[in-house]
1. Taking into account only those residues within region A:88-145 that are among the polar types (S, T, N, Q) and surrounded by fewer than 14 Cβ atoms within 10 Å (Cβ to Cβ), which is farthest from A:Ala53 (Cα to Cα)?
2. Hey, could you check region A:91-129 for residues that are of a type in the set (Val, Ile, Thr) and under 16 Å from the mean Cα position of the chain (by Cα) and say which is nearest to A:Pro165 (Cα to Cα)?
3. A:Ile41 is checked against (1) touching a helix residue (DSSP H, G or I) at 6+ places or on another chain (Cβ under 7 Å); (2) within 14 Å of chain B (Cβ to nearest Cβ); (3) outside any helix (DSSP H, G or I) and fails just one. What number does that condition carry?
4. In region A:156-169, is there at least one residue being of a type in the set (Ser, Thr, Tyr) and at pLDDT 90 or above?
5. Identify, please: which residue in region A:211-224 is in contact with a helix residue (DSSP H, G or I) (Cβ under 9 Å, 6 or more places away or on another chain) and more than 9 Å from chain B (Cβ to nearest Cβ) and is, among those, farthest from A:Ile92 (Cα to Cα)?
6. State the number of residues belonging to region A:5-38 that are closer than 28 Å to B:Arg30 by Cβ, more than 7 Å from chain B (Cβ to nearest Cβ) and outside any helix (DSSP H, G or I).
Amino acid sequence: MKSNMARSWWWKITALALLFFTYYEGFLGEIPRMPILNETIRNLYFHVTMWMAMLVLMICNAFYGILYLNKSDLYFDLVADESARIAMVFGIAGLLTGMVWANYTWGAPWVNDPQLNGTAASLLIYAAYFILRNAIPDDSKRARLSAVYGIFAFVMMIVFIMVLPKMTDSLHPGKGGNPGFNKYDLDANMRMVFYPAVIAWTLLGVWMMSLRVRIRKIEWKNEDQ
Amino acid sequence: MKKNLTLLSIVMISRSTAFAQEVEMADTMRSEGKIYVVVAVAFLSLAILSFYMIRIERKVTKLEKEMKK
């Protein structure tokens, strides 16, 4: 991200405004009346959006990894590292919020579901990303190896959370031919809140990431002096 | 046969709508207006988060400007 983009306000204010919109509609908006789910369907705006934000930040990680491999500029490695960090924050938030929701709709915080195990596995793969980074003292070597690993990890994550759960049975909607929530997939009202909510959380994540990148850049300059 | 089918579909449609209304939602909480208490608290926490994010943003911008000098 170019530094003037990182410093401009419009997308940050958009993020905050959309977050307020999400909270307002999240509590007061129209939702379909469905058994078992009842009011908890509102979690769509607060739980599923965590995963969407994580996914975008992980794409960022893989993208900047490729950029680093092309250009060998350590700045790209920095962005890749920080995107993975904030993505982990959102991933853990998604996991914890999912556990609370599952406890009340599926009867247990952790059911043996391919989607859940897949996400846990992909979070562990990304945990290994940070361990790999910490293990290599040399800057450019660390950047190169972690970029390659990041691309690999991203592909694995797509397989674990988007491909495998669709092929087997999962309690999650739209997976393994589960008709469970088809109604809300089609609910136009919820869509009009869900998409802005995804944008809101993603922009907040990108904002957090860009702040960390800028702080690290200041640290670099301090070390140089 | 056709009559039976239409009758059956009418019964099924009416059953499904009856079922939809039976689903228990937090209607009491809404009618009492207590939901606005929840919204107020959620907005307050979000406002504090926004305020803090903007503060960090300003701080980092200030540091960047100092570094340039």
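1. Taking region A:88-145 first, the residues among the polar types (S, T, N, Q) are A:97, A:103, A:105, A:112, A:115, A:117, A:119, A:122, A:134, A:140.
Now drop any that are not surrounded by fewer than 14 Cβ atoms within 10 Å (Cβ to Cβ), which leaves A:103, A:112, A:134, A:140.
On the way: A:Asn103: 23, A:Asn112: 24, A:Asn134: 25, A:Ser140: 28 Å.
Ranking the candidates gives A:Ser140 first.
2. Of all residues in region A:91-129, those of a type in the set (Val, Ile, Thr) come to A:92, A:97, A:100, A:105, A:111, A:119, A:125.
Cutting the leftovers down to under 16 Å from the mean Cα position of the chain (by Cα) gives us A:92, A:97, A:119, A:125.
Details: A:Ile92: 19, A:Thr97: 19, A:Thr119: 10, A:Ile125: 17 Å.
Going through the qualifying residues, I end up with A:Thr119.
3. (3)
4. Filtering region A:156-169 for residues of a type in the set (Ser, Thr, Tyr) gives A:168.
From the residues that got through so far, the ones that are at pLDDT 90 or above too are none.
No, because not a single residue in region A:156-169 is of a type in the set (Ser, Thr, Tyr) and at pLDDT 90 or above.
5. In the first step, residues of region A:211-224 are kept if they are in contact with a helix residue (DSSP H, G or I) (Cβ under 9 Å, 6 or more places away or on another chain); the result is A:211-218, A:220-222.
From what's left, more than 9 Å from chain B (Cβ to nearest Cβ): A:212-213, A:216, A:220.
Details: A:Arg212: 18, A:Val213: 21, A:Arg216: 23, A:Trp220: 29 Å.
Out of the qualifying residues, it is A:Trp220.
6. Quick first cut of region A:5-38, residues closer than 28 Å to B:Arg30 by Cβ only: A:16-38.
Now restrict to residues that are more than 7 Å from chain B (Cβ to nearest Cβ): A:17-18, A:21-22, A:25-26, A:29-32, A:36-37.
Then keep just the ones that are outside any helix (DSSP H, G or I); that gives A:29-32, A:36-37.
Number satisfying all stated conditions: 6.
The values are calculated or read from the model by the stated rules, or taken from the named source; none is laboratory data. As the structure is a prediction and not an experimental result, all values here were calculated from the model. For neighbour counting, all protein chains shown are included, and Cβ atoms are generated from backbone atoms with ideal geometry for every residue, glycine included.
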